[in-house]
Amino acid sequence: MASEEQLKASHILIKHEGSRRKASWKDPDGRVISATTRDAAVAQLTDLREKIVAGQARFDEIASRYSDCSSAKRGGDLGRFGRGQMQKPFEEATIGLRVGEISGIVDTDSGVHIIMRTG
């Protein structure tokens, strides 16, 4: 992949007690996040992913409601980004997806994610 090539993706982030920043737009004091185990975050995200894949919910709607990232207000859309702009596991997972494909669970210092490549 050429360095000038850009990736485009949306994601859903669920933070947990191990996340580097234990606060989000929906939990400004971090009370829920600090009390959430990684396993609980993965279980929630797995359930949400299954609903999306089964066609019971749209990715952007789930992101808007459940994601701990400020991108939730854009349906999880992160826009375009190049190499080195995202945490390595996130970047590698995005590169490995085809456009329209949704990742499995991806762990980063921010929490656990599912990623949908959009470009």
When residues of the range 2-18 are limited to those that are open to solvent by 80 Å² or more (accessible area, probe 1.4 Å) and not polar (S, T, N, Q), the one farthest from residue 119 (Cα to Cα) | 17
Residues located in the range 44-57, provided they are open to solvent by 60 Å² or more (accessible area, probe 1.4 Å) and assigned to a helix (DSSP H, G or I) = 44, 47, 49, 50, 51, 53
Enumeration of residues in the range 24-43 that are open to solvent by less than 70 Å² (accessible area, probe 1.4 Å), touching a residue at least 24 places away in the same chain (Cβ under 8 Å) and not acidic (Asp, Glu) = 24, 33, 40, 41, 42
Restricting the search to the range 58-100, which residues are without any contact (Cβ under 8 Å) to a residue 24 or more places away in the chain, surrounded by fewer than 15 Cβ atoms within 10 Å (Cβ to Cβ) and among the aliphatic types (A, V, I, L, M)?
-> 99
Selection count where residues are assigned to a strand (DSSP E or B) and either touching a Phe, Trp or Tyr at 6+ places or on another chain (Cβ under 7 Å) or free of Cβ contacts under 8 Å to residues at least 60 places away in the same chain (or both), scope the range 4-13 = 3
Would you call residue 21 basic (Lys, Arg) and either surrounded by 13 or more Cβ atoms within 10 Å (Cβ to Cβ) or assigned to a helix (DSSP H, G or I) (or both)?
-> no
Qualifying residues in the range 69-103 (those that are within 10 Å of the chain's Cα centre (by Cα) and part of a loop (DSSP other than H, G, I, E, B)) - the one farthest from residue 25 (Cα to Cα) | 103
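The values are calculated or read from the model by the stated rules, or taken from the named source; none is laboratory data. The model shown is predicted, which means the values in this text are computed figures rather than measured ones. Here Cβ is always computed from backbone atoms with ideal geometry, including for glycine, and neighbour counts include all displayed protein chains. For accessibility, only protein heavy atoms count, side chains too; no ligands or nucleic acids. Shrake-Rupley method; radii C 1.70, N 1.55, O 1.52, S 1.80 Å.
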